[in-house]
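Visitor: Below is a structure I'd like to ask you about.
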Amino acid sequence: MLKNNRGSIDANAKQVSCAMSVGNRIVKFQIDTGSTTNIIPVNFAKNVRTTNITLKTWNNENYKPIGESRQIIKNPQNNKRYSVNFIVCHNHFTPILGLRPSDTNEIN
């Protein structure tokens, strides 16, 4: 496991992740530059609103999420806050930060 102040890279799994504060909890997000959406499990989401979005999963299945929610997330390394729109899914989904937040320096 390689770590720096921006997150970690698991050399065996080849996954990049970062820990962000959501509310008063630290959530480990997988960074997925191939994803066009941000995913958060319902147990971390507040003020969930309905959505008409249907997601297509990595194995080409359609998934109807619970809803959408704008969350303030904070980088615990530098205390910078970011307002991020998330698709809210069931609790067994991995938290994901997709292409836009990971590519535009919103996460420092």
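Visitor: With respect to ILE39, determine if the residue is surrounded by 15 or more Cβ atoms within 10 Å (Cβ to Cβ), at pLDDT 90 or above and within 15 Å of the chain's Cα centre (by Cα).
Guide: yes
Visitor: Sort out which residues of the stretch 56-87 are among the aliphatic types (A, V, I, L, M) and either within 20 Å of SER17 (Cβ to Cβ) or touching a Cys at 6+ places or on another chain (Cβ under 6 Å) (or both), and write them in order of number.
Guide: ILE72, ILE73, VAL84, ILE87
Visitor: Another one. Applying the selection to the stretch 60-81, what residues are surrounded by 13 or more Cβ atoms within 10 Å (Cβ to Cβ), of a type in the set (S, T, N, Q) and more than 15 Å from the chain's Cα centre (by Cα)?
Guide: Hit for the stretch 60-81 is GLN77, nothing else.
Residues are listed down the side, and each one gets a yes or a no for (1) modelled with pLDDT of 95 or more; (2) at negative phi; (3) assigned to a loop (DSSP other than H, G, I, E, B); (4) in contact with a Gly (Cβ under 8 Å, 6 or more places away or on another chain):
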position: VAL16; (1), (2), (3), (4): no, yes, no, yes
position: LYS46; (1), (2), (3), (4): no, yes, yes, yes
position: THR51; (1), (2), (3), (4): no, yes, yes, yes
position: ILE72; (1), (2), (3), (4): no, yes, no, no
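The values are calculated or read from the model by the stated rules, or taken from the named source; none is laboratory data. Worth saying up front: this structure is predicted, and the values here are computed from it rather than measured. Here the Cβ is made from the backbone with ideal geometry for all residues, glycine too, and neighbour counts use every protein chain on show.
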